[in-house]
Amino acid sequence: MKNVEQYAPYAMGGVLIIGIGVFLIILLKRGGRKTTSTATWRSYLKDQGILLFVFLSSGGLLASIFSYFGPEGGDTSKGGQLFEYHQLNPTERVIYEEQDVEAYHHITVLARTMAPQNSSAIVAIYGDPKGETERKISQIEAVANSWSRWDQKKNSCKRITLKIANSGSLTGATQVDVLLYVFP
């Protein structure tokens, strides 16, 4: 939910536009004096000025709507931790890495295989949501030359266990890198 403070510049701009319009109307409707300059301005404001005012106002309104509902900027956070697991070899045995994540709200797991070329591995993510027994939350396939990612924005687990194993493909990974980012 966006704060009311975000609407303050739009409200002030709207009040300013309305104020200028009221000022011009009062200036033109003052009776008695018809000079060349007020007659010219009155003629301009009746035809082109109203059209210009309508288009400028609608453009400002559309820009405000699109900026409000448009894409939001990225979020920043501090106080996070990075747990790095480098050169894991799941061909020897299935690897389990466990971390306490109860104090963290956002969790990201990144994984990729380093060797051999065209190898892959599975990183299964287990957790204990709301104190229940541990169960599989998700899994990602780590492949060579690119990172695979899993995100959880609302963590409800006390602990996360990463199970790194070969994917069963012909080329099993002998080196897997896994990164676990946690943010409060």
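The values are calculated or read from the model by the stated rules, or taken from the named source; none is laboratory data. Just so you know, these numbers come straight off a predicted model, no measurement behind them. Neighbour counts are summed over all protein chains in view; Cβ atoms, including those assigned to glycine, are modelled from backbone coordinates with ideal geometry.
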- Take ASN145 and decide whether it is on the phi > 0 side of the Ramachandran plot and in the same structural domain as SER120 (by TED's automatic domain parsing). yes
- region 142-184, subset within 20 Å of the chain's Cα centre (by Cα) and hydroxyl-bearing (Ser, Thr, Tyr), residue nearest to HIS105 (Cα to Cα): TYR181
- Task: Scan region 155-173 for residues that are more than 18 Å from LYS136 (Cβ to Cβ) and either assigned to a loop (DSSP other than H, G, I, E, B) or hydroxyl-bearing (Ser, Thr, Tyr) (or both) and report the count.
- Result: 4
- Query: From the set of residues in region 117-130 that are under 13 Å from ASN155 (Cβ atoms) and surrounded by fewer than 15 Cβ atoms within 10 Å (Cβ to Cβ), which is farthest from the chain's Cα centre (by Cα)?
  - Reply: LYS130
- Item | Residues located in region 106-119, provided they are part of a strand (DSSP E or B), out of contact with any Phe, Trp or Tyr (no Cβ under 9 Å at 6 or more places or on another chain) and not polar (S, T, N, Q) | MET114, ALA115
- region 83-111: number of residues that are more than 24 Å from the chain's Cα centre (by Cα) and over 11 Å from LEU180 (Cα atoms): 12
- LEU179 passes all but one of the listed conditions (1) of a type outside the set (Ser, Thr, Tyr); (2) exposed (fewer than 14 other Cβ atoms within 10 Å of the Cβ); (3) at pLDDT 90 or above; the exception is number (2)
- Item | Which listed residue is modelled with pLDDT of 75 or more, over 30 Å from LYS153 (Cα atoms) and surrounded by 10 or more Cβ atoms within 10 Å (Cβ to Cβ), from LEU52, LEU24 | LEU52
- Identify, by number, the condition in (1) within 16 Å of VAL94 (Cβ to Cβ); (2) surrounded by 14 or more Cβ atoms within 10 Å (Cβ to Cβ) that MET114 doesn't meet. (1)
- Task: Quick one: count up the residues across region 64-93 that are surrounded by 12 or more Cβ atoms within 10 Å (Cβ to Cβ) and either free of Cβ contacts under 8 Å to residues at least 12 places away in the same chain or part of a loop (DSSP other than H, G, I, E, B) (or both).
- Result: 4
- Message: Every residue in region 131-176 that is over 18 Å from PHE83 (Cα atoms), hydrophobic (A, V, I, L, M, F, W, C) and surrounded by fewer than 17 Cβ atoms within 10 Å (Cβ to Cβ), please.
- Response: LEU170
- Of the numbered conditions (1) part of a loop (DSSP other than H, G, I, E, B); (2) among the hydrophobic types (A, V, I, L, M, F, W, C); (3) in contact with a Phe, Trp or Tyr (Cβ under 8 Å, 6 or more places away or on another chain), ALA103 satisfies every one except a single condition; which is it? (3)
